[in-house]
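The values are calculated or read from the model by the stated rules, or taken from the named source; none is laboratory data. Here the structure is a predicted model, which is why all the values come from computation and not from measurement. Quick reminder, even Gly has a Cβ in these numbers, built from the backbone with ideal geometry, and neighbours come from all protein chains shown.
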């Protein structure tokens, strides 16, 4: 089903500017990030990550949340033009919502538009410097581009935020091995 532009635009006009009680500004995140640094138990890590993602996906306006879900569903079912339309509207309408930028960065990555992905990741990180999903994505983009030093830096920054992330540790090891091979 195609989402008519007029319908999407009219939905976004209904989005009032309201104080946000969730998303990347939520005070619960500080404790959750402290928990990430305090445990190496994989079950606890995954549970805490999930709680953080739940908060990042929240917005004070339920219409924003619905559109984010709709855009993500379109992206996951390879309806890329519709997903891009939705994410474009979200970042224009609620530019301080980090997860809208992160989702569009993911879509750009999937489309092979790495420069646009990097730009959106940078915006995500300006809004939420601890966004481990964006930091991981940045490292993966740089890997795709063969920018191993930049990938290393992204994964090191990720480990500072999320010290016990198995994926971050594994990706950093991979990058370091590639850098070592390049020196030989």
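Does segment 155-163 contain at least one residue that is touching a helix residue (DSSP H, G or I) at 6+ places or on another chain (Cβ under 8 Å), over 17 Å from residue 53 (Cα atoms) and surrounded by 22 or more Cβ atoms within 10 Å (Cβ to Cβ)? There is at least one residue in segment 155-163 that is touching a helix residue (DSSP H, G or I) at 6+ places or on another chain (Cβ under 8 Å), over 17 Å from residue 53 (Cα atoms) and surrounded by 22 or more Cβ atoms within 10 Å (Cβ to Cβ). Here 130, 74, 104 are screened, and the one residue that is under 27 Å from residue 51 (Cβ atoms), out of contact with any strand residue (DSSP E or B) (no Cβ under 8 Å at 6 or more places or on another chain) and not in a helix (DSSP H, G or I) is 130.
Residue-level analysis places residue 36 outside the set of residues that are in contact with a helix residue (DSSP H, G or I) (Cβ under 6 Å, 6 or more places away or on another chain), farther than 26 Å from residue 168 by Cβ and part of a helix (DSSP H, G or I). Of the listed requirements (1) outside any helix (DSSP H, G or I); (2) surrounded by 17 or more Cβ atoms within 10 Å (Cβ to Cβ), residue 137 misses just one: (1).
Per-residue answers, yes or no, for (1) modelled with pLDDT under 50; (2) more than 22 Å from the chain's Cα centre (by Cα):
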residue: 2; (1), (2): no, yes
residue: 10; (1), (2): yes, yes
residue: 14; (1), (2): yes, yes
residue: 22; (1), (2): no, no
residue: 31; (1), (2): no, no
residue: 45; (1), (2): no, no
residue: 50; (1), (2): no, no
